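Read through the structure below, which is laid out as structure tokens, and then see the notes.
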Amino acid sequence: MNFYVMTLFPDMILSGSSDSIIGRARRNGLISVQAINIRDYTEEKRHGRCDDYPYGGGAGMVMQAQPVCDCCDAVRAMITEAGGDGEHSRLIYLSPQGRRFDQAMAKELSQERDLILLCGHYEGIDERALELCNAEEVSIGDYVLTGGELPALVMIDCISRLKKGVLGGEESALIESFHDNLLEYPQYTRPEIYRGLSVPEILLSGHHENVEKWRRQQSIERTLRRRPDLLKDAVLSKKEEEYLKWIQTQ
Ligand code: ADE
């Protein structure tokens, strides 16, 4: 899968995707991340300016339509050149006004061959550019960041780990939080006792079936206590439904 990130800060994107699992996936050719500097497309060559005052007044600066649209055209052409369908590749504009990014959206987007991510700065981007680029607005949460680069990296990370071969163990993407819409169970490693706290007895029993049952119960209980909103779409067996009802009365 190929990510094309339109940004004023390409180094942030490249360094933020160079290490750990995503860095390895890039080096192994499982994903590619290209950062395209919007500033390279401004017609205001003298100062490399990409922003201007907002019409109607108000605080801050707005990114101009021209460099964004020209950069977008160039990226779409780049994708087509590389054998993709640049004209119809999805373009996502990271903004707090967007639809909320979640695991389901990550899964859906992981099916794309090419994905364009547009990072804004200042007070936003001229609305006409968003219309002309056919941008879908996406937010990573209800808080405001200084730009779209960190949200773009969040999306790249979350989508990439769903691609085959990116994570070491084939199943690790499945077992973690949000599988069956439940949070993950608690994990422990050596030593058996640390500062007086012991690992739950059952994990030392070697009884695989009991361990699995305990983990599911922990997941259900955690989800109930921390994120009860997830439970309405949780996938539970009859026995687990009963367990949930029982802990709700405790
Ligand atoms: N840009 C600034 N804040 C953002 C957020 N919460 N999500 C996506 N893009 C953003």
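Most exposed first by the Cβ proxy, i.e. fewest other Cβ within 10 Å, how do 214, 246 rank?
246, 214
Think of it as helices only: each DSSP H run of n ≥ 4 in the chain is worth -39500 (n - 2.57), and spread over all residues that comes to -10500 deg cm²/dmol at 222 nm.
Across q = 0.20 Å⁻¹, region 137-249 modelled as identical point scatterers on its alpha-carbon atoms has Debye log10 I(q)/I(0) values of -1.18, in the order of the q list. Of all DSSP-defined beta bridges confined to the chain, some 15% are antiparallel rather than parallel.
Could you work out how far the C-alpha centroid of region 150-224 sits from that of region 45-70, in angstrom? Rounded to whole Å, the Cα centres lie 46 Å apart.
Check each of the GluC sites (Glu not before Pro) in region 167-236 and keep only those in coil by DSSP with at most 16 other C-beta atoms within 10 angstrom; list them in order.
Listed in order of number, the matching sites are 170, 171, 176, 184, 192.
Counting only residues at least eight positions apart within a chain, or on another chain, the lysines with an alpha carbon under 28 Å from that of residue 238 are 107, 213.
In straight-distance terms, cross-link reach from residue 232 covers every one of the lysines whose alpha-carbon lies under 16 Å from its own, apart from those fewer than eight places away in the same chain; here that gives 245.
Applying both filters, DSSP loop and at most 11 other Cβ atoms within 10 Å, to the trypsin sites (Lys or Arg not before Pro) of region 39-148 gives 45, 46. Here the dipole of region 2-168 is about 760 debye; that uses its Cα centre as origin and unit charges on the Cβ of Lys and Arg (positive) and Asp and Glu (negative). Build a GNM of the chain with springs between Cα atoms under 10 Å apart, and of 172, 95, 139 the one that fluctuates most is 172. Once the Cβ-Cβ distance between residue 100 and residue 21 is put in as r, and R0 is 22 Å, what FRET efficiency do you end up with, to the nearest 0.05? Between residue 100 and residue 21 the formula returns 0.35. Using Cα springs under 10 Å in a Gaussian network model of the chain, which residue among 55, 185, 194 shows the largest mean-square fluctuation? With Cα springs under 10 Å in the chain, the top fluctuation among 55, 185, 194 is at 194. Could you work out the local net charge near residue 42, counting Lys and Arg as +1, Asp and Glu as -1, over the other residues with Cβ closer than 14 Å to its Cβ? Here the charged neighbours net out to -4. Computed on the chain, with alpha-carbon pairs under 8 angstrom and 6+ residues apart, the relative contact order is 18 percent. Within a straight-line Cα-Cα reach of under 13 Å, residue 45 cannot be paired with any aspartates and glutamates, leaving aside sequence neighbours fewer than 8 residues apart in one chain.
Electrostatic tally near residue 52: other residues with Cβ closer than 12 Å to its Cβ, Lys and Arg +1, Asp and Glu -1, net -3. Shape annotation for the chain: C-alpha extents along the principal axes are 70, 42, 38 Å, from largest to smallest.
Read the figures in this text as sums done on the coordinates, not as results from a lab. Since we're looking at a predicted model, the values are computed, not measured. Here the Cβ is made from the backbone with ideal geometry for all residues, glycine too, and neighbour counts use every protein chain on show.
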